[in-house]
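Here the structure comes first, spelled out in structure tokens, and everything after it is commentary.
The values are calculated or read from the model by the stated rules, or taken from the named source; none is laboratory data. Note that the structure is a prediction, hence the values are computed from the model and not measured. Cβ placement follows ideal geometry from the backbone for every residue including glycine, while neighbour counts extend to all protein chains displayed. Accessible surface areas use protein heavy atoms only, side chains included; no ligands, DNA or RNA. Shrake-Rupley method; radii C 1.70, N 1.55, O 1.52, S 1.80 Å.
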Amino acid sequence: MILYPAIDLKDGQAVRLLRGEMEKATVFSDDPAAQARAFVEAGCEWLHLVDLNGAFAGTPVNAAPVEAILAACDVPAQLGGGIRDMATIESWLSKGLARVILGTVAVENPALVRDAARAFPGQVAVGIDAREGRVATKGWAEETDVDATDLARSFEDAGVAAIIYTDINRDGAMQGPNVEATAALARAVQIPVIASGGVSSLADLIALRDCGVALNGAISGRALYDGALDLRQALAALAD
């Protein structure tokens, strides 16, 4: 199971939000590229990047720090936030991004997800962010009646590389991931699932790894910045 260190970008800085609320942002670094390098030096295999401003704006906002991270690091990176048309997908992948994450458009324009997955095999993931099992879009600001599992199943034959499932109520709260819901989603589809939201300790990672279904990975942000989770130790534990 891959551990994806998260770098969430707001106004050019690396931050963490509490349950997706922009006004509850804690700044952890004014130099996201330096933070990314630190994660890579600790041994991570992937980076998980989020353009928070972009998620609300519907178009990339933090392009400069993302490009700086890509230039500074030699591990693959995936990015979500404000990627809502083919031109933006093509642009990011041409800049060296390994994978784009499509969230809002997965609900509003599923045909784009399918077209992109066909055009860029292995480089398109679907981000499913949910509260109480219902999908939220546009930076989690808008609630929908779409069931998270139904949405995941709708892309079963689309060729997407992964589903990144975030339990919004757990995100940034340091209360542990929703292991049960994540495992249930992973059982419901053949697509690789990455867990996100609430991973705050080594025990949380082990619980996800041992949840009874193989997960592709888990994303952690605040716990790495706060020191509640040691990246080197976590990577070593997952390698055992």
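Scanning segment 71-109 for residues that are part of a helix (DSSP H, G or I) and touching a residue at least 40 places away in the same chain (Cβ under 8 Å) gives 104, 106, 107.
Of note, residue 67 satisfies the criterion of being within 27 Å of residue 105 (Cα to Cα) and touching a Lys or Arg at 6+ places or on another chain (Cβ under 7 Å).
A quick yes/no check of all residues on (1) assigned to a helix (DSSP H, G or I); (2) within 26 Å of residue 124 (Cα to Cα); (3) among the aromatic types (Phe, Trp, Tyr):
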| site | (1), (2), (3) |
| --- | --- |
| 150 | yes, yes, no |
| 169 | yes, yes, no |
| 186 | yes, yes, no |
| 191 | no, yes, no |
| 200 | no, no, no |
| 208 | yes, yes, no |
| 232 | yes, no, no |
| 235 | yes, yes, no |
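Pairing residues of segment 51-64 that are among the polar types (S, T, N, Q) with residues that are open to solvent by 20 Å² or more (accessible area, probe 1.4 Å), at Cβ distances under 7 Å and at least 6 apart in sequence or on separate chains, gives 53/10; 53/11; 53/61; 62/12; 62/53. Among residues of segment 140-160 that are free of Cβ contacts under 8 Å to residues at least 60 places away in the same chain and over 13 Å from residue 104 (Cβ atoms), those with a Cβ under 6 angstrom from a residue that is assigned to a helix (DSSP H, G or I) and not acidic (Asp, Glu), sequence gap 6+ or separate chain, pair up as 149/185; 149/188; 152/185; 158/114; 158/117; 159/117; 160/117.
Scanning segment 110-139 for residues that are part of a strand (DSSP E or B), open to solvent by 10 Å² or more (accessible area, probe 1.4 Å) and free of Cβ contacts under 8 Å to residues at least 40 places away in the same chain yields 131, 134. All conditions in (1) part of a helix (DSSP H, G or I); (2) crowded, with 24+ Cβ neighbours inside 10 Å hold for residue 165, with the sole exception of (1).
Check whether at least one residue in segment 26-35 is over 21 Å from residue 140 (Cβ atoms), surrounded by fewer than 22 Cβ atoms within 10 Å (Cβ to Cβ) and among the aliphatic types (A, V, I, L, M), and report yes or no. Yes, segment 26-35 has at least one match.
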